[in-house]
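Structure first, then comments.
The values are calculated or read from the model by the stated rules, or taken from the named source; none is laboratory data. The structure presented is a predicted model; accordingly, all values stated were derived computationally and were not measured. Quick reminder, even Gly has a Cβ in these numbers, built from the backbone with ideal geometry, and neighbours come from all protein chains shown.
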Amino acid sequence: MAIQRMDNVLIVVEDLDAVIEFFVEIGMELEGKGPVEGDFAERVIGLENVRQDIAMLRIPGAPGRIELAKFHEPTAVRPEPVNAPSNTLGIRRVMFAVDDINDVVARLQARGAELVGEIVRYEDLFLLCYVRGPEGIVVGLAEQLG
């Protein structure tokens, strides 16, 4: 038996709408948004009295989704430090291939995002960077060259 695909990555957030806007600005599409609560959710995630709103975003015309969750109950737990450096254990970023890295970075910066480092050329293959968006979420961007 083999793995079929990676379906999505979950990011727990406080400001669901701001994070949706951030990922839409990168180029994702909002697939759906709504409440999730009750026995099913509690049994799957191992928490009691769950009440949350989720949003699912997809990459247009390609596989890959991001699921966002805003917990109303129980209250979300914030890790420390808030803006963890790149060498912190755990998931640090999600990376997207983009057509024009400079355009995407400029649009994200106009919405308050900031470069973690700088846009760097890797040989003749890629332009790469990390961008920190709302709630400290870090995304990597990669523009293939040639």
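Condition (residue is touching a Lys or Arg at 6+ places or on another chain (Cβ under 8 Å), outside any strand (DSSP E or B), surrounded by 10 or more Cβ atoms within 10 Å (Cβ to Cβ) and at pLDDT below 95) applied to the range 85-104: is it met by at least one residue? Within the range 85-104 (the criterion being touching a Lys or Arg at 6+ places or on another chain (Cβ under 8 Å), outside any strand (DSSP E or B), surrounded by 10 or more Cβ atoms within 10 Å (Cβ to Cβ) and at pLDDT below 95), the answer is yes, since at least one residue qualifies. Could you check the range 1-53 and list, in sequence order, the residues that are among the β-branched types (Val, Ile, Thr) and farther than 26 Å from residue 113 by Cα? If the condition is that a residue be among the β-branched types (Val, Ile, Thr) and farther than 26 Å from residue 113 by Cα, then 3, 36, 44, 45, 50 are the ones that fit. Evaluate the following for residue 65: is it of a type outside the set (A, V, I, L, M, F, W, C), over 17 Å from the mean Cα position of the chain (by Cα) and modelled with pLDDT of 90 or more? So residue 65 fails the test. Residues that are assigned to a strand (DSSP E or B) and out of contact with any helix residue (DSSP H, G or I) (no Cβ under 9 Å at 6 or more places or on another chain) were ranked within the range 1-11; the one that is farthest from residue 140 (Cα to Cα) is 10. Within the range 11-22, residues that are among the charged types (D, E, K, R) have Cβ atoms under 8 Å from residues that are part of a strand (DSSP E or B) in these pairs: 14/70; 15/70, counting only partners at least 6 apart in sequence or on another chain. With respect to the conditions (1) surrounded by 14 or more Cβ atoms within 10 Å (Cβ to Cβ); (2) in contact (Cβ under 8 Å) with a residue 24 or more places away in the chain; (3) small (Gly, Ala, Ser), residue 32 falls short on a single one, namely (1). Contact annotation: residue pairs with Cβ atoms under 6 Å, 6 or more positions apart or on different chains, pairing a residue in the range 97-113 that is of a type outside the set (Val, Ile, Thr) with a partner that is in a loop (DSSP other than H, G, I, E, B), are 113/133. The set of residues in the range 27-73 that are of a type in the set (Val, Ile, Thr) and in a strand (DSSP E or B) comprises 36, 54, 66.
Residue 111 meets each of the listed conditions (1) crowded, with 17+ Cβ neighbours inside 10 Å; (2) within 23 Å of residue 31 (Cα to Cα) apart from (1).
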